[in-house]
Each structure stands twice: as structure tokens, then as C-alpha cells.
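Since the structure comes first, as C-alpha cells, the remarks are kept for the end.
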Amino acid sequence: MMRRRQFITLLGGAAAAWPLAARAQQQAMPVVGWLSTRAPGEGAYLLAAFRQGLKEAGYVEGQNVTLEFRWGEGHYERMPAYAAELVRRAVTVIVTTGGDPAAQAAKAATAAIPIVFVSGSDPVKVGLVASLNRPGGNITGVHMLLLGLGAKRLGLLHELMPTVNLIGVLVNPNFVDAQTQLRDVEDAAQSVGVKLLVQKAGTRLEIDTAFADLARQKTGALLVISDPFFTIQRVQIAALAARYAMPAVFELREYAAAGGLMSYGPDLANGYRQGGVYTGKILKGAKPAELPVEQPTKLGLVINLKTAKALGLQIPDRLLALADEVIE
């Protein structure tokens, strides 16, 4: 029969071990590093979509996975330092969102930690992966097809306003993919016989100045080049387009929802959800090199009829028929 003193000693030892066991379990919980050029407020709905994808893969934040965040808030130059911090933190997976700057910074920071990107840049062209089907290395993700649609957006704008001869283009000079997009738009403009007026803006103040310059030069319409910083500032941009009565086309539905006239592009939230699913697969042991890069299967045209009426525009029946969503 165990003596009372021995029992108390054993019980005390077990009690002392419980916090250690709890700490060990906590340390064993995988940590997902979130590296984004976006801002936590405006990007909250996308983070929710990512969490939904994680949940579909069997992971719930706080229960069996931890998320550690680094938000750039439109400052692309912060990405390398933030990526290095996550590598030093020894996170299990790094998820990059908000464009190529975050993905490139993560790739430069580690060849060992798995990386899942959600980005509009062509991952093969920018050197993130070897191919879409066989990414190779430690990186895979979701290619949102955002940056190759400038010519299509210009075509939609020209169809809406065929008599406009001068179209403004808003470009962020701090975004590495801006010039490639601009060249595509310039080629498209030449083919339909319209002139472009390019305005550069990389800060909130420069956006204000750019719109004032476009209005002063009597620009008839506007195309906004795909850029994560502009997406963060979409409410400001849509409001300025309304103030200056400037019909504009954008990359994402989020602009049209904020009051912009028209958008053409993929469902961004669904792309983030797919990124969450891929992250969950990697947490379960899948290798990034073996996960093909995902791409959206559908692109959507969204037209804000309320904005069109405010601008005095009659949307052609053909465009309305093509629209996947009409905001009234």
C-alpha cells in the first residue's frame, strides 16, 4: 500500500508537470506567418476568407494553429524586414498576400520554410515558381490573374465611352509590375485609337494631385492600374472619381462596391480562401513543390448603376448583358 507521503510527492510532481506539458503542446502548435502589403482594417474580409479555407482543411486559429501577422499597409519597402522576422520566428508556413512584393521578400528570406502566395503577378514570369503545374522549391499558391487584364479593362471602358479620345491611367511607380501593365494598356490604346494620359501616384496626397491634374487636362475617363496600394485606397479613389465626374474602370469588385463605376477581374476573397486550403494541406504534410498553382476559373464584370446614373451615363445593353453583377 502506497504511503500517504509518497502519494503526495507523486501528486505534486504530476501537478508540476502539467504546466510544462501545456507549454510543450502550445509550442508544438504550428504557426502561420502572415506577410501582407495590405492593411488589417481593409483586409479583414480577406483574412476571414483565408481562415475559412484553413477551417475547410481542418485548422482553426487558436485551437490547432496560430497566426502571426505582419501588415505593410501599402509600404512595399517593409516586406524584406518583415519576412526576415517571420523566418527568425521559425514559423511553420509563410503566407504572402497583397501582390508580388510580399512573395518575393519571402522567397528571398527562406528556401526552407514553405510559402503560399496569393498574388496577381504571373508567378512564372516573376520567377516565383518553375511552372504552374510543377512549382518546384518551397513555394506555391494562387495566381489571381489580376495584372494581365489591363487591355480588357481598357476595351470595356472604350465600349462604354467610344467618343472619349483621352483616357487617364493611374499608376503607382513603387509597384514593380506597374510598367508591364502600362505597356499592355498602351498597346491596347493604340489599337483602338485613343490617347492615354499617365499619372503617377504612390501616396494618398499624390492620388489627390493626380486626379486634379487629370481633371484639369479634361480627361474623359480613367483606368486604374492593378496595385495593392490602390486597393487599400479604393474608397478615396472612388470618391475622387465621383467628385471629378470621371468614369473609371478597376480591377476588383471591391472598387465598384466602394462607388466605382465598373470592375473586371477575379473573386479576390475566393482566392484567399484557396490560399487557406493550400496552407492547411501543407500543415498536414503536403510539399509546396507538389501542389500546382491555383488560378481562378471565372472573371467577373461588375457595373455600379447608381454611379452610372450619377455620372449621367447610359450603360449599353450589351455591357449590361455581359455583367455578372449590377449594383443598384
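Take every Cα pair under 8 Å whose residues are at least 6 apart in sequence, average their separation, divide by the length of segment 36-181, and the relative contact order is 18 percent. For segment 210-313, chymotrypsin sites (Phe, Trp or Tyr not before Pro) are listed when DSSP marks them as loop and at most 16 other Cβ atoms sit within 10 Å of their Cβ; the list is Y244. The equivalent ellipsoid of segment 192-233 has semi-axes of 19, 14, 7 Å, largest first, where each one is the square root of 5 times an eigenvalue of the Cα gyration tensor.
Rounded to the nearest 0.05, the FRET efficiency derived from the C-beta distance between L319 and T297 at R0 = 22 Å is 0.50.
FRET efficiency for the pair L205 and V31, taken as 1/(1 + (r/R0)^6) with r the Cβ-Cβ distance and R0 = 35 Å, rounds to 0.40.
For D213, D184, D100, D267, the ranking by accessible surface with the largest value first comes to D267, D184, D213, D100, using a 1.4 Å probe. Here segment 79-198 is treated with +1 on each Lys and Arg Cβ and -1 on each Asp and Glu Cβ, and its dipole about the Cα centre works out to around 280 debye. Rolling a 1.4 angstrom probe over segment 195-328 with all protein chains present gives an accessible area of which 50% lies on carbon and sulfur atoms. Straight-distance candidates among the aspartates and glutamates for linking to K284, with alpha-carbon spacing under 13 Å and chain neighbours fewer than 8 residues away dropped: E56.
With N set to the residue count of segment 39-197, report its C-alpha Rg divided by 2.2 N^0.38 Å to two decimal places. In units of the 2.2 N^0.38 Å rule of thumb, it is 1.23. Each 10 Å bin, from zero up to the one with the longest distance, holds this percent of the alpha carbon pairs of segment 69-117: 30, 62, 8. Among K55, K107, K125, the order of accessible area from largest down is K125, K55, K107, computed with a 1.4 Å probe on protein heavy atoms. Can you work out the PRE-style zone for T66? Point 7 Å along Cα to Cβ, and I want the residues of segment 93-131 with backbone N under 20 Å. Hits in segment 93-131 for T66 at 20 Å: 93-96, 113-116. Here the mean projected area of the convex hull built on the C-alpha positions of the chain is 20.9 nm².
Along the Cα-to-Cβ line of V164, 7 Å from the Cα, sits a label point; which residues in segment 255-281 have backbone N less than 11 Å from it? Those under the cut-off are 261-262. Output the relative contact order of the chain, whole-number percent, from Cα pairs under 8 angstrom with separation of 6+ residues. So the answer I get is 20 percent.
In this structure segment 34-86 gives 42 Å² per residue of accessible area when probed at 1.4 Å with all protein chains present.
With all protein chains in place and a 1.4 Å probe, the accessible surface of segment 38-82 carries 53 percent carbon and sulfur.
Put I207, I232 in order of accessible area, highest first, and with a 1.4 Å probe you get I232, I207. If you take all C-alpha pairs in segment 201-327, what percent of them are over 20 Å apart? Roughly 52 percent, rounded to a whole number. Our helix-only sum for the chain, with -39,500 (n - 2.57) per DSSP H run of n ≥ 4 divided by its residues, gives a mean residue ellipticity at 222 nm of -13500 deg cm²/dmol. Against the chain, whose longest principal axis comes from its Cα atoms, helix 178-192 is set at around 30 degrees.
The values are calculated or read from the model by the stated rules, or taken from the named source; none is laboratory data. All of these numbers come straight from a predicted model, not from anything done at the bench. Please note: Cβ atoms are built from the backbone with ideal geometry, for glycine as well, and neighbour counts cover all protein chains shown. Just the protein is used for accessible areas: all its heavy atoms, side chains included, with ligands, DNA and RNA removed. Shrake-Rupley method; radii C 1.70, N 1.55, O 1.52, S 1.80 Å.
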